[in-house]
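Heads up: the structure comes next, in structure tokens.
The values are calculated or read from the model by the stated rules, or taken from the named source; none is laboratory data. Here the structure is a predicted model, which means the values were calculated and not measured. Here Cβ is always computed from backbone atoms with ideal geometry, including for glycine, and neighbour counts include all displayed protein chains. Just the protein is used for accessible areas: all its heavy atoms, side chains included, with ligands, DNA and RNA removed. Shrake-Rupley method; radii C 1.70, N 1.55, O 1.52, S 1.80 Å.
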Amino acid sequence: MPELPNRKRENFCNQLLRNHMNAGKAYQAAYGVADRHVADAAGSRLLRNVAVSTRIAELQRPVAQKSRITVQSLLAELQATVEAARAAKQFGAVNGSLTLIGKLTGLLRDQIEIGGPGEFDTCKTPDEVLDRLEADFGGPAELVEGLEFMVDLARRRAADKARLVG
């Protein structure tokens with residue numbers, strides 16, 4: 001698909017992907033909208049537009065192919081490292097390489113925990129959860145920044161798993 005005929009929509013797609021912005025910020029940058037709530041809602045709607053979502057997928061394709069090749073080459077290198085380390089009886093290197101292979105293939109994942117184990121068990125409402133998170137992040141501005149990062153990460157993961165229908 002060539003560039004979108006609507007320049008603002010094309011700019012939105014580029015802001016979203018190249019500048020790693022969330023939909024609201026990309027909409028603000030592309031359309032010049034000052035109100036963040038309006039931009040968030042409009043950006044979210046724009047992501048559901050078929051032409052826009054198709055263009056985003058198209059723009060992501062080269063990056064996805066490049067990363068797939070990188071992961072495959074890293075796995076090949078690590079496999080060679082494991083074989084050489086086993087032959088040299090360097091079992092620490094074997095374990096380290098196997099750990100990296102597990103992470104690259106998604107079999108092993110690092111977990112991030114905010115607060116101590118069970119610290120959120122007493123929370124009964126979303127407001128109580130937000131109060132705990134705000135305290136852990138150090139304030140409302142840091143909480144918003146952390147949540148925006150997590151939303152961006154979730155969107156990138158969803159986009160990586162998206163597939164075109166039709």
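Among the numbered conditions (1) modelled with pLDDT of 90 or more; (2) touching a Phe, Trp or Tyr at 6+ places or on another chain (Cβ under 7 Å); (3) not in a helix (DSSP H, G or I), the only one that Y27 does not meet is (3).
Within region 32-50, the set of residues being open to solvent by less than 50 Å² (accessible area, probe 1.4 Å), more than 20 Å from the chain's Cα centre (by Cα) and not hydrophobic (A, V, I, L, M, F, W, C) comprises N49 only.
Before we move on, is R61 free of Cβ contacts under 8 Å to residues at least 40 places away in the same chain, out of contact with any Phe, Trp or Tyr (no Cβ under 6 Å at 6 or more places or on another chain), over 15 Å from R155 (Cα atoms) and not small (G, A, S)? Walk me through how you get there before you give the answer.
Details: free of Cβ contacts under 8 Å to residues at least 40 places away in the same chain: yes; out of contact with any Phe, Trp or Tyr (no Cβ under 6 Å at 6 or more places or on another chain): yes; over 15 Å from R155 (Cα atoms): yes; not small (G, A, S): yes.
In short, yes.
In this structure, T54 does satisfy being within 25 Å of A23 (Cβ to Cβ), modelled with pLDDT of 80 or more and of a type in the set (S, T, N, Q). Among residues of region 99-123 that are at pLDDT below 70, those with a beta-carbon under 7 Å from a residue that is charged (D, E, K, R) at least six positions away or on a different chain give the pairs I114/D136; G115/R132; G115/D136. If you go through region 30-57 and keep only what is assigned to a helix (DSSP H, G or I) and of a type in the set (G, A, S), you end up with A30, A39, A41, A42, G43, S44, A51, S53, A57.
Taking (1) in contact with a Cys (Cβ under 6 Å, 6 or more places away or on another chain); (2) modelled with pLDDT under 90 in turn, A76 satisfies each apart from (1).
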